[in-house]
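*Asks:* Quick one: this structure, given as structure tokens, is what I'll be asking you about.
The values are calculated or read from the model by the stated rules, or taken from the named source; none is laboratory data. What you are looking at is a predicted structure, and each value in this text was computed from that prediction instead of being measured. A quick note on method: Cβ atoms are made from the backbone with ideal geometry, for glycine too, and the neighbour counts reach across all protein chains shown.
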Amino acid sequence: MDKNYYITTPIYYPSGKPHMGHAYSSIVADVIARFKKINGYQVYFLTGTDEHGLKIQREAEKNNKDPKEFCDELSITFKNLTKTLNLSNNDFIRTTEKRHFASVNEVWSRLVKSGDIYLDKYSGWYSVSDEAYYDEDEIIQDGAIKKAKSSGSKVEWVEEESFFFKLSAWSDKLLKFYDKNPKFILPISRKNEVINFVKKGLKDLSVSRTSFKWGIPVPKNNKHVIYVWLDALTNYISALNFPKTNDKLYKSFWPADLHIIGKDILRFHAIYWPAFLLAAKIEPPKRVFGHGWILSDDKKMSKSLGNILDPLEIIKNYGVDQLRYYLIKEVSLGNDGSISLLNLKNCINNDLANNYGNLCQRVLSFIEKNCESKIPQPDKFEKIDMDLSEDITKKLPKLIEMIDNQDLNTYIKEVINFSFKSNKYFNDLEPWKLKKTNIKRMNTVLYCILNQIKSISILLFPIMPNSVEKTISSLSLTKKNIFLDEINNQNLLKPGNIIKKGEILFKKIESD
Ligand code: MSP
């Protein structure tokens, strides 16, 4: 079985401050990347910044900066975000890097060679904010302004010489490709949207611009710069050292297993990208998952509504694991999801402080006080003990399947339910009473519950890596033990080893 796994986030436009949408795409991808790693995969996880195009050029001009200087500064902000969110990315690519130019040049040359590119003139609507072309029927008039129906962003009229990609020739081939690869686009609702759009027939796509300079020049014709989406999408192979197709990274990790993206950029990933790749004789990725939109109190976040939830502010006030957990729990991946500070606080209190945090704290404290801080020696296991641990081991294949279907939301609910049941087991079996009546039984119960804490912690690791590492080290285990295989290892916890209670993992949030 192929045990390599390549996963990407969208590469971010380095403009403005990182917002919750950026944080969400990144956290989702990181949770999956970390899960695959603890399931024994060699994982390559890529993120980065998308630095060319008119949008960035104009932003730079507004700030009186040269575009490269502007990107150098803002790209750092996004690189810092990867640290703040505790991402496990292997690489951070910038589309202004030399390695990326080589890769885009090669893709362009292959498209020319295959006869998929021709020179003509473009006249039509363009949204700089979306970096996208729109047809007349995709535009609405809003007062004096024309806007794209789908995104609401302003469009402007463009008329200039342009190279075109023969996208129209790819409609049927794409439909066949979707048919042969039924899980290429997920969730299914978005797949249907894409298929309906392609069925209407695709128009050729303008893939170069002449009215500005901030981009990768078209090989042998530097009057043109390459369309920023053809440039940006190629990052996913540039990072694997394409065009060196014999390179170890490329051979091990292409085609990508999963591109995590937001629904607004589905058309680029699910239509243009596979068409470019097929035309360039490169295998398309295996899956594109379009997640939904993060709303604040059911509304789109915007300055004018004053409902922006700043991920950096939240992390400063409540902690990074808390934000990671909340986003994954609250939003069902694929659908839009509303978040709020009140729900974040409730989630921290109910799931983290009162449930998982409390389980760890009360069990470790009890062992510290009553067992000289040592892992107790278990005696005979009873049915109730075995049922408890089998609840997890039997469900493990299902949990793996959930992550492979990107159903993170159900996964997290299952895992927190294990913690709830473990708290109940501890309450019901009352080890504080057993201490007086049956020490051997008390030791067995404590051993079982420690084993549960170990298993639940491993399952929570992809979501809350910092907190779980602390718990794992409290159990006298190390990072090396954070693997799914260790869940089935009933002898991992060594009786006699020292238990350290440590600090409280999740403080309860008092209401204002
Ligand atoms: N540069 C392009 C991606 C190129 S990939 C080859 C881009 N960048 S972006 O910075 O504008 O957006 C990055 C990601 O954030 C996208 O997946 C987008 O869908 C996501 N989000 C932006 N706002 C969002 C929400 N409010 N909610 C959820 N995600 C949204 O697009």
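*Asks:* Take F92 and tell me if it is in contact with a strand residue (DSSP E or B) (Cβ under 7 Å, 6 or more places away or on another chain), assigned to a strand (DSSP E or B), under 30 Å from I315 (Cβ atoms) and at pLDDT 95 or above. Even if it seems obvious, please write down each step before you answer.
*Replies:* Working: in contact with a strand residue (DSSP E or B) (Cβ under 7 Å, 6 or more places away or on another chain): yes; assigned to a strand (DSSP E or B): yes; under 30 Å from I315 (Cβ atoms): yes; at pLDDT 95 or above: yes.
Considered against the rule, which asks whether it is in contact with a strand residue (DSSP E or B) (Cβ under 7 Å, 6 or more places away or on another chain), assigned to a strand (DSSP E or B), under 30 Å from I315 (Cβ atoms) and at pLDDT 95 or above, F92 comes out as yes.
*Asks:* Still on this structure: Tell me, which residue of the range 265-318 that is within 14 Å of the ligand (Cβ to nearest atom), of a type in the set (S, T, Y) and at pLDDT below 95 is surrounded by the fewest Cβ atoms within 10 Å (Cβ to Cβ)?
*Replies:* Selected residue: S302.
*Asks:* Kindly indicate whether E390 is modelled with pLDDT of 95 or more and closer than 30 Å to I265 by Cβ.
*Replies:* Working: modelled with pLDDT of 95 or more: yes; closer than 30 Å to I265 by Cβ: no.
When the stated conditions are applied, E390 does not pass them.
*Asks:* Output the helices (runs of 4 or more DSSP H) that fall wholly within the range 410-512 and possess 2 or more residues being buried (at least 23 other Cβ atoms within 10 Å of the Cβ), or say none. Steps first, please.
*Replies:* Details: elements: 431-437, 439-460, 465-474.
The helices (runs of 4 or more DSSP H) meeting that bar are 439-460, 465-474.
*Asks:* In the range 26-75, what count of residues is obtained for those that are part of a helix (DSSP H, G or I) and small (G, A, S)?
*Replies:* As a first pass, look at the range 26-75 and keep what is part of a helix (DSSP H, G or I): 26-38, 54-62, 67-75.
Retained after the next criterion (residues that are small (G, A, S)): 26, 29, 33, 60, 75.
Matching residues across the range 26-75 total 5.
*Asks:* Same structure, new question: Let me confirm something: among I7, I93, I11, which residue is buried (at least 20 other Cβ atoms within 10 Å of the Cβ), touching a helix residue (DSSP H, G or I) at 6+ places or on another chain (Cβ under 6 Å), aliphatic (A, V, I, L, M) and farther than 22 Å from E131 by Cβ?
*Replies:* Details: I93 fails: farther than 22 Å from E131 by Cβ; I11 fails: farther than 22 Å from E131 by Cβ.
Just one listed residue meets the conditions, I7.
*Asks:* Counting only residues that are of a type in the set (A, V, I, L, M) and assigned to a loop (DSSP other than H, G, I, E, B), how many does the range 236-258 have? Can you show your working first?
*Replies:* The first filter runs over the range 236-258 and keeps only residues of a type in the set (A, V, I, L, M), leaving 237, 239-240, 249, 256, 258.
With the extra rule that they be assigned to a loop (DSSP other than H, G, I, E, B), the set shrinks to 239-240, 256.
Final tally of qualifying residues: 3.
*Asks:* Here's something else I'd like to know. Here is a check on your reading of the model: is I261 of a type outside the set (D, E, K, R) and not in a loop (DSSP other than H, G, I, E, B)? Explain how you work it out, then say what you get.
*Replies:* On the way: of a type outside the set (D, E, K, R): yes; not in a loop (DSSP other than H, G, I, E, B): yes.
Answer is yes for this residue.
*Asks:* Follow-up question, since we're still on this one. Filtering the range 119-133 down to residues that are more than 16 Å from the ligand (Cβ to nearest atom) and out of contact with any helix residue (DSSP H, G or I) (no Cβ under 9 Å at 6 or more places or on another chain), which residue is farthest from A279 (Cα to Cα)?
*Replies:* Among residues in the range 119-133 that are more than 16 Å from the ligand (Cβ to nearest atom) and out of contact with any helix residue (DSSP H, G or I) (no Cβ under 9 Å at 6 or more places or on another chain), the one farthest from A279 (Cα to Cα) is S123.
*Asks:* Could you please give the count of residues in the range 1-20 that are hydrophobic (A, V, I, L, M, F, W, C) and near the ligand (Cβ under 9 Å from one of its atoms)? Can you show your working first?
*Replies:* Quick first cut of the range 1-20, residues hydrophobic (A, V, I, L, M, F, W, C) only: 1, 7, 11, 20.
When the remaining residues are screened for being near the ligand (Cβ under 9 Å from one of its atoms), the result is 11, 20.
Counting residues in the range 1-20 that are hydrophobic (A, V, I, L, M, F, W, C) and near the ligand (Cβ under 9 Å from one of its atoms) gives 2.
*Asks:* Same structure again: Look through I403, I392 and report the one residue that is under 18 Å from L493 (Cα atoms), among the hydrophobic types (A, V, I, L, M, F, W, C), in a helix (DSSP H, G or I) and touching a helix residue (DSSP H, G or I) at 6+ places or on another chain (Cβ under 6 Å). Write out each step before concluding.
*Replies:* Working: I403 fails: under 18 Å from L493 (Cα atoms).
Residue meeting the stated conditions: I392.
*Asks:* What's the number of the condition S208 fails, among (1) surrounded by 24 or more Cβ atoms within 10 Å (Cβ to Cβ); (2) within 16 Å of the ligand (Cβ to nearest atom)?
*Replies:* S208 satisfies every listed condition except (2).
*Asks:* State which residue is nearest to the ligand (Cβ to nearest atom) when the search covers only the range 21-54 and only residues that are farther than 29 Å from K479 by Cα and at pLDDT 95 or above.
*Replies:* The first filter runs over the range 21-54 and keeps only residues farther than 29 Å from K479 by Cα, leaving 21, 49-54.
Checking the rest, the ones that are also at pLDDT 95 or above come to 49-54.
Working: T49: 8, D50: 3, E51: 9, H52: 10, G53: 9, L54: 13 Å.
In this case the residue turns out to be D50.
*Asks:* Given (1) assigned to a helix (DSSP H, G or I); (2) surrounded by fewer than 15 Cβ atoms within 10 Å (Cβ to Cβ), identify the lone condition not met by K380.
*Replies:* Evaluating K380 over (1) assigned to a helix (DSSP H, G or I); (2) surrounded by fewer than 15 Cβ atoms within 10 Å (Cβ to Cβ) leaves (1) as the failure.
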